[in-house]
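Heads up, the thing below is written out as structure tokens.
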Amino acid sequence: MAEAPAEKQPKQGLNIYGIPAVNPYKLTIAAAELGVPYNYIALDGATGEFKSEWFTAINPNGRLPAIVHVKEDGQVVTVFESGACLQYMVSEFDKENKLSYPVGTQEYWTQLSWLSWQISGYGPSMGQSSFFARYSPQPEPFGLWRYLAESRRLNHVLNKQLSKNTYVAGSRLTIADIAVYLYATSCAWCGVDIDEFPHVKAWHDKLAQRPAFQEGMRVPVPYPFTQESVFRPETQEQIKMQRKFGSKFIHSASEQWAGEVLALPSDHANHS
């Protein structure tokens, strides 16, 4: 098995592996909120380092973020997928439930439900909307229509929840808020006008003022997909480069797995 380069091997304590993409910032915000020291290990996205043999030993899916926790007794715990990483962090470092509800309570299951909602629906739909709006190398009107509509529907669901609750899962800040926040703060990049959802906007703006959110959003570099950054005239050349790189990366990552659709006798019946 290949070894990680010396500078990217985990150290004693919590190690967060990431790149300047949406999901790794969830963990740096959570760590800042909990006051947990950590070692951030940045991978090279341009070279696809997260597909290397040494990293896929940590995350077999070859995606980010992932964590390696080297405990004082020598035990090493590895976790991948942002939702699992967030749950591990509160399980290990949030004994006072500053960022979570006690396991087994109704509030805990509500927290888990909204975290799962983000992972299974809100994030993927907003991500696909951003692909068709910002990264697709050619116009794909139906794809954009489909995912933009679903993103707006999901923001309506979130808006309704926040009209009745101070935070996503109830009366206190939890990891569910952190998970949802990263996509809400990227609304413009995903083609959604956050002003259309006033309760989402008010909740988002409140969280954006929290020192821990501001701290976490700066690691390893300032988060590149905020409302302010994507509209700022002086960042447009950088954004053009990001879009070109993203488009090429997505194409090359998908090309290996492209193939013919498995045909069914009923195919094309819906095309009339």
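The values are calculated or read from the model by the stated rules, or taken from the named source; none is laboratory data. The shown structure was predicted, so the numbers you read here are calculated from the model rather than taken from an experiment. Glycine also receives a Cβ, built like all others from the backbone with ideal geometry; neighbour counts cover every protein chain displayed. Note: accessible area is taken over every heavy atom of the protein model, side chains too, but ligands, DNA and RNA are not part of it. Shrake-Rupley method; radii C 1.70, N 1.55, O 1.52, S 1.80 Å.
Tabulated results
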| quantity | calculated |
| --- | --- |
| Förster radius 30 Å - calculated FRET efficiency between ALA21 and LEU262 (Cβ-Cβ, nearest 0.05) | 0.45 |
| Two-site FRET efficiency, PHE245 against LYS206, from Cβ-Cβ distance with R₀ of 41 Å, rounded to 0.05 | 0.80 |
| Whole-percent carbon and sulfur share, accessible surface of the stretch 121-272, 1.4 Å | 57 |
| Choice from GLN236, GLN256, GLN111 showing the highest fluctuation, given a GNM over the chain with Cα pairs closer than 10 Å | GLN256 |
| Accessible carbon and sulfur surface of the stretch 11-93 relative to its total accessible area, %, 1.4 Å | 50 |
| Along principal axes, Cα extents of the chain, largest first, whole Å | 64, 50, 48 |
| Cβ-defined net charge surrounding SER252, 14 Å radius [Lys, Arg +1; Asp, Glu -1] | +2 |
| Residue of GLY216, GLY83, GLY13 that the Gaussian network model of the chain assigns the largest fluctuation, springs spanning Cα pairs under 10 Å | GLY13 |
| Those residues of the stretch 1-23 whose amide nitrogen sits under 17 Å from the label point placed on ALA84, 7 Å along Cα→Cβ | 15-18, 23 |
| Cβ-Cβ FRET estimate between GLU3 and VAL77, R0 fixed at 22 Å, reported to 0.05 | 0.70 |
| Length gained when the stretch ALA57-SER113 is fully extended (0.36 nm per residue, less Cα-Cα span) | 17.2 nm |
| GNM flexibility winner over the chain from PRO65, PRO24, PRO37 (Cα, springs under 10 Å) | PRO37 |
| Cα gyration tensor shape of the stretch 103-206, rounded if a/c is under 1.5, else prolate or oblate by comparing a/b with b/c | prolate |
| Cleavage-rule hits, chymotrypsin sites (Phe, Trp or Tyr not before Pro), the stretch 207-272, DSSP coil, Cβ neighbours within 10 Å at most 10 | TRP257 |
